[in-house]
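All remarks here apply to the structure that follows.
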Amino acid sequence: MTAHDDHITCIAISNQGHLIASGQKGDNSDVVIWDYNSKRAIFRLSEHDYAVSNLAFSHDDTLLISTGNQLDGKLFIWNTFNGHIVSSLQVTPQIFPDGISAICWGGFIKDIKLRPTSSYQFAISGSKKLTLWSLDPQAGACNYETMQTGAMVRDYTCMTFSKPNEEFLFVGTKSGDFCSF
């Protein structure tokens, strides 16, 4: 069974393996969330234009982040239980003029005593910069700060937070460098 009518551009598998998200390009640049066990589409998220470029599930699989290509420029965070939008932003060209290359979730933000709060953290790379984001899921508010990379200017291509504590962000670059922040 198919739910796409054009080329699939990205895919993500939930951490527990029970959900799969797929995105496509074209007139119907939708994100489809699939239930792996029943092999059926459970949500169609029809907010992107042109193409979906990145997908990632949060560490607890309750949220899915999707970003569009450079022409679309949109970022959405979806609730995987009901398919509703938790937050949306226009990120290209304001924040990432050349588009987004990678996204990843990093668990919950920790307070000063290193206890998890109810706010999520995620990172986005693109336009030769890294940004660290916070999301208040109740209010849908997203805030970011640009990470200071010093004199190192690179095209970041992939990234992940350290497990299980999410204290470090590991990043790979086009030039073959491996960075830790």
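We did not get these values from a lab; they are worked out from the coordinates using the rules stated. No experiment lies behind these values; they were computed from the predicted model shown. Quick reminder, even Gly has a Cβ in these numbers, built from the backbone with ideal geometry, and neighbours come from all protein chains shown.
Kirkwood analysis of the range 92-157, using all unique Cα-Cα pairs, places the hydrodynamic radius at 12.8 Å. When the Gaussian network model of the chain links Cα atoms closer than 10 Å, the mean-square fluctuations of 114, 132, 63 top out at 114.
Can you tally the net charge around residue 24? Count Lys and Arg as +1, Asp and Glu as -1, for every other residue whose Cβ sits under 9 Å from the Cβ of residue 24. Mind dumping the intermediate values first?
Numbers: positive: 25; negative: 5, 6, 30.
Counting the neighbours of residue 24, the net charge comes to -2.
Using the beta-carbon distance between residue 47 and residue 149 and R0 = 30 Å, what value does 1/(1 + (r/R0)^6) give for FRET efficiency, to the nearest 0.05?
Values: r = 31 Å, r/R0 = 1.04.
After rounding, the FRET efficiency stands at 0.45.
Normalised by the number of residues in the chain, the mean separation of alpha-carbon contacts (under 8 Å, six or more apart) gives a relative contact order of 11 percent. Taking every alpha-carbon pair in the range 120-163 and binning the separations at 10 Å intervals from zero gives 25, 49, 22, 4 percent. For the range 28-181, the Cα-based Rg and Dmax, in that order, read 15.5, 50 Å.
Here is the list for the range 32-78: chymotrypsin sites (Phe, Trp or Tyr not before Pro) lying in DSSP coil, each with at most 15 other C-beta atoms within 10 angstrom of its C-beta, are 36. Pairs over the 21 Å Cα-Cα cut-off, from the set 113/163; 129/174; 74/110: 74/110.
Taking Lys and Arg as +1 and Asp and Glu as -1, the other residues whose beta-carbon sits under 14 Å from that of residue 175 total +1.
Coupling constants for the range 77-87 follow from the phi torsions by the Karplus curve (6.51 cos²θ - 1.76 cosθ + 1.60, θ = phi - 60°), and in residue order they are 10, 10, 7, 7, 7, 10, x, 7, 7, 8, 7 Hz; glycine and proline get x. In this structure the amide hydrogen of residue 24, modeled in the peptide plane, comes within under 5 Å of the amide hydrogens of 9, 30, 52, none closer than 5 places in sequence on its chain.
Sparse packing (at most 11 other Cβ atoms within 10 Å of the Cβ) combined with a DSSP loop state is found for the following trypsin sites (Lys or Arg not before Pro) in the range 1-99: 39.
In this rough spin-label picture, where each label sits 7 Å from Cα along the Cβ direction, the residue 60-residue 165 distance is 2.1 nm. Across the range 1-51, the volume of the C-alpha convex hull divided among the residues equals 63 Å³ per residue. Here the 3J(HN,Hα) profile of the range 108-116, calculated from phi with Karplus coefficients 6.51, -1.76 and 1.60 at θ = phi - 60°, is 8, 5, 9, 7, 4, 9, 6, 9, x Hz, Gly and Pro shown as x.
In order along the range 8-15, the phi-based Karplus estimate (6.51 cos²θ - 1.76 cosθ + 1.60, θ = phi - 60°) of 3J(HN,Hα) comes to 6, 9, 7, 8, 9, 10, 5, 4 Hz; Gly and Pro are listed as x.
Tell me the Kirkwood hydrodynamic radius of the range 52-117 in angstroms, computed as one over the mean inverse distance between distinct C-alpha pairs.
Numbers: mean 1/r = 0.0778 Å⁻¹.
Over the range 52-117, the inverse of the mean reciprocal pair distance is 12.9 Å.
Run through the range 88-146 and list the trypsin sites (Lys or Arg not before Pro) located in a DSSP loop whose Cβ has at most 13 other Cβ atoms within 10 Å. Each step should come with its number before you reach the end.
Details: sites: 110, 113, 128, 129; in loops: 113, 128.
Those satisfying the criteria are 113.
Close amide H contacts of residue 36 (hydrogens built in the peptide plane, cut-off under 5 Å, sequence separation of 5 or more or a different chain): 19, 20. Fraction of C-alpha pairs exceeding 22 angstrom in the range 14-87: 14 percent, rounded to a whole number.
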